[in-house]
């Protein structure tokens, strides 16, 4: 029987296995071919087994492999983020809240924020892999079997942990939900990144230009260069969320034991895996081949985005922050009346707003000065960003090992 199964395996791997119209499923197809090769002893193949525990095992193995493949691809995306951050450490752009210019930050700091999200995604896929690493083989239909089998032995052969309860082993699909949840959250992270690049590459922002390989033209407007790849990446999030939601709805009404409804656990898994790998496969080069307009970014990072520096400067001089906030708000109103930016405001206007502003350093009201002035850990200051890059490189080096 073992020799016959090894031959069947070789035929399948060589794509020479013959499927017939009479085969009910893959299990009966294998048994039918095994009988052709070794005779009636093949009829004993199914002793102590059930399709219930076999299909559950197959899905456990698939999720385990898919999680590993996605993790490897995600690590490559994280390497690309670090490379682009290191190569553009000097670039400064406005950070946004409510899609309004808020404060200057370095481009490296911005990219490393996405690195942090991807790092959490890695942990979710690792957790999904661990949840899938339980072998249901030996649970049979649902109650076990009277035959003297050894589920722990087959689990060891597969590098897995044996199940604890046979009914739970064939019924639970939590490990699939864990995997689909990891895919959905990753899809959300990718969508947010994609949305930023759609904005950055627009004429209104003009911060970045995508390589032609990841863009397209318009069918009627010759001037257009559309960020198609990032738009498609953004669009995949809804699909991935749908895969998770669909299986949740399927499972919520099922009693314990196997029901045919559980066939619906395959399509969302295959769909999510294919689409996540599709996006992760192109993202690294999309990042590496993009070009940045540092001057445009720096210009956008100035102006009223520097207002918080004035409030923080006053607070450092002992002025209560709420009072400092009010003073700077009046300066902003003054700028609007004069049609100028904070950087263009005459120095005497600062002193008249508050005596402490007479000592304002010249370079503080610049994007570079604002970024350099940050002191807190994890901030956008050059020293902090350098430390973040160092830790990111160490993490990637450890992940490679």
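The values are calculated or read from the model by the stated rules, or taken from the named source; none is laboratory data. All values reported here derive from a predicted model rather than from experimental measurement. Because the Cβ atoms are built from the backbone with ideal geometry, glycine has one as well, and the counts that use them run over all protein chains shown.
For beta carbons closer than 8 Å, sequence separation of 6+ or different chains, a first residue in segment 365-380 that is assigned to a helix (DSSP H, G or I) and a second that is surrounded by fewer than 15 Cβ atoms within 10 Å (Cβ to Cβ), the qualifying pairs are 369/361; 369/363.
Of all residues in segment 132-162, those satisfying the criterion of being loosely packed, with under 15 Cβ neighbours inside 10 Å and either assigned to a strand (DSSP E or B) or over 35 Å from the mean Cα position of the chain (by Cα) (or both) are 143, 146, 147, 148, 150, 153, 161.
Could you tell me whether any residue of segment 382-395 is surrounded by 18 or more Cβ atoms within 10 Å (Cβ to Cβ), out of contact with any strand residue (DSSP E or B) (no Cβ under 8 Å at 6 or more places or on another chain) and within 14 Å of residue 304 (Cα to Cα)? Among the residues of segment 382-395, not one is surrounded by 18 or more Cβ atoms within 10 Å (Cβ to Cβ), out of contact with any strand residue (DSSP E or B) (no Cβ under 8 Å at 6 or more places or on another chain) and within 14 Å of residue 304 (Cα to Cα), which makes the answer no. Of the residues contained in segment 206-217, one or more are found to be without any contact (Cβ under 8 Å) to a residue 40 or more places away in the chain, in a loop (DSSP other than H, G, I, E, B) and closer than 30 Å to residue 297 by Cα.
Look at (1) crowded, with 23+ Cβ neighbours inside 10 Å; (2) over 21 Å from the mean Cα position of the chain (by Cα) and you find that residue 46 fails only one, number (1). Within segment 163-170, is there a residue that is touching a strand residue (DSSP E or B) at 6+ places or on another chain (Cβ under 7 Å) and either assigned by TED's automatic domain parsing to the domain that holds residue 104 or at pLDDT below 95 (or both)? Yes.
Of the candidates 128, 108, the single residue that is closer than 30 Å to residue 253 by Cα and either modelled with pLDDT of 95 or more or not in a strand (DSSP E or B) (or both) is 128.
Quick check on my filter: what residues within segment 59-98 are outside any helix (DSSP H, G or I) and free of Cβ contacts under 8 Å to residues at least 12 places away in the same chain? Answer for segment 59-98, where residues must be outside any helix (DSSP H, G or I) and free of Cβ contacts under 8 Å to residues at least 12 places away in the same chain: 96, 97, 98. In the set (1) farther than 26 Å from residue 207 by Cβ; (2) outside the structural domain of residue 87 (by TED's automatic domain parsing); (3) surrounded by fewer than 21 Cβ atoms within 10 Å (Cβ to Cβ), residue 336 fails one condition alone, (1). Tell me yes or no: at least one residue of segment 11-22 is at pLDDT below 95 and closer than 27 Å to residue 134 by Cβ. Scanning segment 11-22 turns up no residue that is at pLDDT below 95 and closer than 27 Å to residue 134 by Cβ.
Answer yes if at least one residue in segment 353-365 is closer than 14 Å to residue 109 by Cβ and either surrounded by 17 or more Cβ atoms within 10 Å (Cβ to Cβ) or modelled with pLDDT of 90 or more (or both), and no otherwise.
no
Annotation for segment 30-49: at least one member residue is in a loop (DSSP other than H, G, I, E, B), free of Cβ contacts under 8 Å to residues at least 24 places away in the same chain and at negative phi.
Being under 29 Å from residue 105 (Cβ atoms), part of a helix (DSSP H, G or I) and under 16 Å from the mean Cα position of the chain (by Cα) is a description that does not apply to residue 307.
Going through (1) more than 23 Å from residue 138 (Cα to Cα); (2) surrounded by 13 or more Cβ atoms within 10 Å (Cβ to Cβ); (3) modelled with pLDDT under 95 one by one, residue 82 falls short only on (3).
Pairs are defined by a Cβ separation below 8 Å, a sequence spacing of at least 6 or placement on different chains, a first member in segment 278-298 that is farther than 22 Å from residue 235 by Cβ, and a second member that is assigned to a helix (DSSP H, G or I); the pairs so defined are 288/80; 288/83; 288/84; 292/107; 297/107; 298/367. If you go through segment 166-201 and pick out every residue that is touching a residue at least 12 places away in the same chain (Cβ under 8 Å) and assigned to a loop (DSSP other than H, G, I, E, B), you end up with 2.
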